[in-house]
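Reading through the structure tokens given below for one structure.
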Amino acid sequence: GAPPGNVKDAIDTILVAWKSIEDERLNWSLEKAQLESKVKRLEESVEIHVKVQKDLVQKIKMLEYALTKKGNAAPQNVVQPFGKENGPRGRSIRKVKYKTLPTYLPDTPARIREIMEELRACKELKNGKKKVAKSDSVESAKEDTKSTEKTEAKVSTGTSLESEPTEKPKTEDDVKAEEKSKAVSRGTPEKEIENSESNVKVSEEVKIPVKVALPEGPPAGELLKLRNLDVKKSDMKKWTPMVQARSHLDGVRSVSFHPKQPLIFSGSEDGTAKLWNMDRLVRKKKKPKKLEPVYTFRGHEGMVTCTAASAKVLASGDTSGKVILWGYPEKKQTAYTEYGTCSPFTLNTFNHNDAVWSLCIFSSSMLFAACSDGSISMWEVSLQEQKEAAKKFVATIDGVKQIPTSVTVGISGNLMASYTSGAVGIFDLETGKEVSLMRSPTGSHAMNIQAHPFLDLLATSNLDGSYQIFDPSQGKCVDIKQNAHRDAVTSISINENGVAMATASHDMSIRIWDIRKHAVMVDMDPNQHRKKYDEAIHCIAYHPSVPLLASGGADSIVKVW
């Protein structure tokens with residue numbers, strides 16, 4: 001056997017080790033208690049913050065409700081136009097700082113010069129009115145003193161004031177003649193006087209509100225079918241934010257989904273387009289720590305303003321007029337290619353004369369591009385070089401070419417486009433001719449157009465904060481929701497169930513509507529995207545088959561719900 005000394009030493013070492021383990025366990029239990037108390041305090045503070053946030057959101061909604069009520073107290077359905085109704089001037093007045101790419105298209109140079117001349121004339125008129133007011137006040141003071149002297153003299157002599165002959169009331173012509181004589185006495189020529197009168201008329205026209213002709217009568221046709229749709233409440237569920245994709249360096253202008261797979265294609269003002277894979281997010285339903293793009297497409301010379309995706313190809317357009325057709329990258333492909341090399345997935349390039357604002361791929365064989373030169377070009381989705389478009393679609397109102405802002409294809413197989421005048425044009429794809437041109441009741445700038453998934457209806461988002469529904473079979477606007485947002489409604493998307501519709505706005509809010517009764521089903525928390533200058537959310541889109549919702553904002557973030 002082992003000597004007794006060795007057994008005693010072994011027992012001592014075991015006791016020492018046991019004591020150290022006990023000490024560590026006690027320290028760990030103390031540290032655990034401290035951390036638990038800290039976690040409890042943090043949870044309490046989080047609950048307090050959540051309560052404060054809910055209280056603030058409730059107050060904001062109450063204020064918004066009060067503002068809408070206050071706005072409805074005035075004559076309803078009134079729009080303040082900038083100029084002629086349903087023309088290029090017929091858009092709501094909204095201050096825009098052109099520090100970034102403007103949300104709506106700029107007018108022609110001739111129109112800009114005309115606006116500048118009107119502003120100068122109004123400024124000169126104001127300065128002239130101030131001088132006239134000063135001189136008139138002096139003359140009126142002199143006349144008042146003379147009249148008081150006359151009355152005092154009559155009172156002292158005892159004559160009655162009723163015997164004094166009364167002056168005839170002055171007509172408008174007499175007033176104008178007096179103003180002209182005063183102006184001539186001050187040395188102003190007659191031409192300037194006539195110009196000032198015309199400018200007064202222009203300014204008065206701007207101030208006159210124009211009533212909006214809303215659709216009357218009971219719903220009929222496709223609108224009646226929409227009102228009678230039956231959808232489960234589970235299909236109108238609330239959306240929860242799952243991930244924020246942070247890889248773009250500037251505002252995200254457009255997001256598009258693959259028809260079947262959970263892939264997002266985004267275009268940004270930084271001149272790049274990125275492809276994102278949400279497969280892991282959909283399967284595991286867990287928020288990843290960091291989401292990186294599958295691939296970054298480079299090759300644009302200007303800001304990427306629009307994107308489109310089909311089952312086989314991708315497309316993106318920019319402000320320089322270039323549209324690039326891309327192929328889907330391989331699974332083993334790295335997210336970034338080497339510096340100085342072109343993208344290996346570039347299939348074709350289509351050039352336009354001006355900026356491209358919207359793209360649409362139809363049946364994986366035709367690509368439609370809405371250009372700010374006033375035309376919609378149709379290109380073949382192929383690898384062959386194409387110098388000119390196969391067809392061009394142009395719409396005019398009173399001989400004035402309309403500028404398209406968005407383009408799509410409806411269930412009828414016709415091409416549908418929205419314009420800066422608020423009108424919606426429908427074209428036959430085979431003949432290329434215009435089928436109908438539906439005018440907007442408000443004349444507000446249409447920023448986005450979306451076709452209903454299974455009804456022959458269209459929805460447009462407008463600059464005046466409204467959205468409108470058009471029926472091509474009736475050839476007119478059949479429904480409108482005014483004051484849908486406090487700022488311009490930049491984008492619109494209809495769910496596959498045909499009832500839920502998502503809208504995004506520059507007021508930093510996203511709302512999901514039941515378009516059967518114009519009721520807000522989900523009002524997401526405010527400040528979904530941070531503002532950059534006066535722009536917030538540029539785009540929003542539903543996935544056609546996967547329960548995903550994506551939005552892109554001026555803060556360069558793609559949010560996925």
Give me the residue from the stretch 441-456 that is aliphatic (A, V, I, L, M) and open to solvent by 10 Å² or more (accessible area, probe 1.4 Å) and, out of that set, nearest to SER505 (Cα to Cα). MET447
Please enumerate the residues belonging to the stretch 507-561 that are open to solvent by 10 Å² or more (accessible area, probe 1.4 Å), among the hydrophobic types (A, V, I, L, M, F, W, C) and in contact with a Pro (Cβ under 7 Å, 6 or more places away or on another chain). MET508, VAL546
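Being in a strand (DSSP E or B) and open to solvent by 20 Å² or more (accessible area, probe 1.4 Å) is the filter here, so list the residues in the stretch 409-440 that pass it. Walk me through it before giving the result.
Of the residues in the stretch 409-440, the ones in a strand (DSSP E or B) are 409, 415-419, 424-427, 434-438.
Residues satisfying the conditions are VAL409, GLU434, VAL435, SER436, LEU437.
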Selected residue [modelled with pLDDT of 85 or more, among the basic types (Lys, Arg) and either in a loop (DSSP other than H, G, I, E, B) or under 26 Å from LYS517 (Cα atoms) (or both)] from LYS225, LYS274: LYS225
Do we find that LYS517 is basic (Lys, Arg) and under 17 Å from the mean Cα position of the chain (by Cα) in this structure? no
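Kindly state which strands (runs of 3 or more DSSP E) lie completely within the stretch 456-553 and contain at least 2 residues that are more than 16 Å from THR405 (Cβ to Cβ). Working first, answer last.
Numbers: elements: 458-462, 467-471, 476-481, 489-494, 500-505, 510-514, 519-523, 537-542, 549-553.
Per the criteria, 467-471, 476-481, 500-505, 510-514, 519-523, 537-542, 549-553.
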Search the stretch 343-393 for residues being β-branched (Val, Ile, Thr) and without any contact (Cβ under 8 Å) to a residue 60 or more places away in the chain, and hand back the single one that is nearest to GLY432 (Cα to Cα). ILE376
Selection from the stretch 311-328 of residues within 25 Å of the chain's Cα centre (by Cα), small (Gly, Ala, Ser) and open to solvent by 10 Å² or more (accessible area, probe 1.4 Å) yields SER320
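Can you tell me how many residues within the stretch 441-455 are closer than 21 Å to SER375 by Cβ and in a loop (DSSP other than H, G, I, E, B)? Break it down stepwise before answering.
Keep residues of the stretch 441-455 that are closer than 21 Å to SER375 by Cβ, which gives 445-449, 451.
Now restrict to residues that are in a loop (DSSP other than H, G, I, E, B): 445.
Selection size over the stretch 441-455: 1.
The values are calculated or read from the model by the stated rules, or taken from the named source; none is laboratory data. Keep in mind that what you see is a predicted model, and the values were worked out from it rather than measured. All Cβ positions, glycine included, derive from the backbone under ideal geometry; neighbour counts span all protein chains shown. Heads up: the accessible areas ignore ligands, DNA and RNA and are worked out on the full protein's heavy atoms, side chains in. Shrake-Rupley method; radii C 1.70, N 1.55, O 1.52, S 1.80 Å.
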